[in-house]
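Below is one structure, written out as structure tokens; comments come after it.
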Amino acid sequence: MTTFVTVYECGSVTAAAQELSITQSTVSHGLNRLREITGNAMFVPVGRGITPQREPMFW
């Protein structure tokens, strides 16, 4: 959950990775795992960053 919150606050996988002192790949893997668990992509790409979906759906 820390990864999700940090990505949300930073608006970028790269910035979140730097903030957490982990690799960008590790952050991406965490987001992919969250998508698998929830069945929903929580973020969408916007320019060079990402932003939360307006209305994430959980099943």
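Tabulated results
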{"quantity": "Cleavage-rule hits (trypsin sites (Lys or Arg not before Pro)) in the chain: DSSP loop, at most 13 neighbouring Cβ within 10 angstrom", "calculated": "R48, R54"}
{"quantity": "5 angstrom amide H check on I50, placed H, neighbours 5+ away", "calculated": "S12, V13"}
{"quantity": "Phi to ³J(HN,Hα) by Karplus 6.51 cos²θ - 1.76 cosθ + 1.60 over region 7-15, Hz, x for Gly, Pro", "calculated": "4, 4, 5, 7, x, 7, 5, 4, 5"}
{"quantity": "Residues T2 and S25, FRET efficiency given R0 of 22 Å [Cβ-Cβ distance, rounded to 0.05]", "calculated": "0.85"}
{"quantity": "Whole-number accessible area per residue in Å² for the chain, which is evaluated in the context of all protein chains at 1.4 Å", "calculated": "75 Å²"}
{"quantity": "Computed [θ] at 222 nm, helices only, for the chain once each DSSP H run of length n ≥ 4 contributes -39500 (n - 2.57)", "calculated": "-16500 deg cm²/dmol"}
{"quantity": "Top positive-direction residue, dipole computed over region 1-58 with Cβ charges, set A15, F4, V46", "calculated": "V46"}
{"quantity": "Cβ-based net charge around V13, under 12 Å, with every Lys or Arg adding one and every Asp or Glu removing one", "calculated": "0"}
{"quantity": "HN-Hα J in Hz across region 21-33 - Karplus 6.51, -1.76, 1.60, θ = phi - 60°, x for Gly and Pro", "calculated": "6, 10, 7, 4, 4, 5, 5, 4, 4, x, 5, 5, 5"}
{"quantity": "Rounded percent of accessible protein surface that carbon and sulfur make up, region 1-44, 1.4 Å probe", "calculated": "51 percent"}
{"quantity": "Computed magnitude of the charge dipole of region 6-59 (debye, nearest 20; Cβ of K, R +1, Cβ of D, E -1)", "calculated": "120 debye"}
{"quantity": "FRET efficiency, A15 to M42 (Cβ-Cβ, R0 25 Å, nearest 0.05)", "calculated": "0.95"}
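The values are calculated or read from the model by the stated rules, or taken from the named source; none is laboratory data. In this text, all values refer to a predicted model and were calculated from it rather than measured experimentally. Glycine also receives a Cβ, built like all others from the backbone with ideal geometry; neighbour counts cover every protein chain displayed. Surface areas here come from the heavy atoms of the whole protein model, side chains and all, with no ligands, DNA or RNA. Shrake-Rupley method; radii C 1.70, N 1.55, O 1.52, S 1.80 Å.
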